[in-house]
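Working notes, beginning with the structure itself.
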Amino acid sequence: MLWAAIGVLLGLAAALATKIHLMRKSAGEIQRAFSQRLTEDTNTLMDISSRDAAMRGLAEAMNGQLRALRAERRRCQQGDRELKEAVTNISHDLRTPLTAMLGYLDLLERAEDMQTVRRYAAVIRERGEAMKGLTEELFRYSVALAPARPLNREPVSLNRAVEESAAAFYAALTARGIVPAIQLPAGEVVRSLDRAALDRVLENLLQNALKYSDGDLEITLTERGTLTISNRAAALDAVQVGRLFDRFYTVDTARPSTGLGLAIARTLTEQMGGTLTAQYTQTRLTLRLTFPEQGKLP
């Protein structure tokens, strides 16, 4: 009996020693694999030789963390590329009016009659206003992205907001030969929104229409709270439209623009629980803004 018990104990000790050895081997494999994947930009995940459920579970949990780390790394890399591109674009956008202002200041110093002075001063003012608009756009975007930004929600009539925004842009639109066709429902479409944020969204959408319209503009609000702003835009294509909401993206780099207008509009819309999408079909650009009733999907 004694020898049998000793044999069992020796067997258990051998099995335990083997188990410990395999676990130490697996731990070493995990440590080496994890260190390698932290230092290398690789898509491969860890795999270990052990069949032990606990060790494989640990490896899989660490693989989950590697996936999250990889996604975060890609996000940061994309953000870094966007930032570098943005700095280049913004530098160009700010330098262009500034160069013009300095050039006209030189001319102004040599001007002899008041008519020429006024003309040069008008150009300088116009370029200064362009720079002011660019810097304000950047400021508004940073405010829109602030995580702690509170929304001042109140019952807002979409009918009235659309009507007032269209009226504010009417002179600018007609100056370009655009007479907007506006269709509003008979009944009031009311949503709980931040009125200032909504006005900013509508302003940016109409500014976009003013920029790209070929001469027409249709504005339609439905009873379900969906606003569509549609116009012909032959100068665009599907790829460009797909990037309209990208931060700092501008279709025409010759124009002074931060490329933040629609990015701001979408950010504010989503903060208020709405959606903003773009569609391009047969040279027609359609922006669709939807604010569903509370507790309902669009």
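The values are calculated or read from the model by the stated rules, or taken from the named source; none is laboratory data. Remember, it's a predicted structure, so these values are computed and weren't measured experimentally. Because the Cβ atoms are built from the backbone with ideal geometry, glycine has one as well, and the counts that use them run over all protein chains shown. With ligands, DNA and RNA removed, areas are computed over all heavy atoms of the protein, side chains included. Shrake-Rupley method; radii C 1.70, N 1.55, O 1.52, S 1.80 Å.
Things worth noting here:
- Checked against (1) at pLDDT 70 or above; (2) within 30 Å of Arg195 (Cβ to Cβ), Ala86 passes all but condition (1).
- One residue stands out in the stretch 171-197 among those that are in a helix (DSSP H, G or I) and surrounded by 14 or more Cβ atoms within 10 Å (Cβ to Cβ): the one that is nearest to the chain's Cα centre (by Cα), namely Ala197.
- Glu126 under 30 Å from Gly261 (Cα atoms) and either acidic (Asp, Glu) or at pLDDT 70 or above (or both): yes
- Residue ID - nearest to Ala171 (Cα to Cα), chosen from residues in the stretch 198-225 that are open to solvent by 30 Å² or more (accessible area, probe 1.4 Å) and in a strand (DSSP E or B): Glu218
- Selected residue (criterion: modelled with the lowest pLDDT) from residues of the stretch 233-284 that are part of a helix (DSSP H, G or I) and of a type in the set (Ser, Thr, Tyr): Thr267
- Residue pairs whose Cβ atoms lie under 9 Å apart, sitting 6 or more positions apart in sequence or on different chains, and linking a residue in the stretch 175-192 that is under 12 Å from Asn231 (Cβ atoms) to a partner that is assigned to a loop (DSSP other than H, G, I, E, B) and of a type in the set (A, V, I, L, M, F, W, C), are Ile178/Leu217; Val179/Leu217; Pro180/Leu217; Ala181/Leu217.
- Check on Arg119, surrounded by 11 or more Cβ atoms within 10 Å (Cβ to Cβ) and modelled with pLDDT under 75: no
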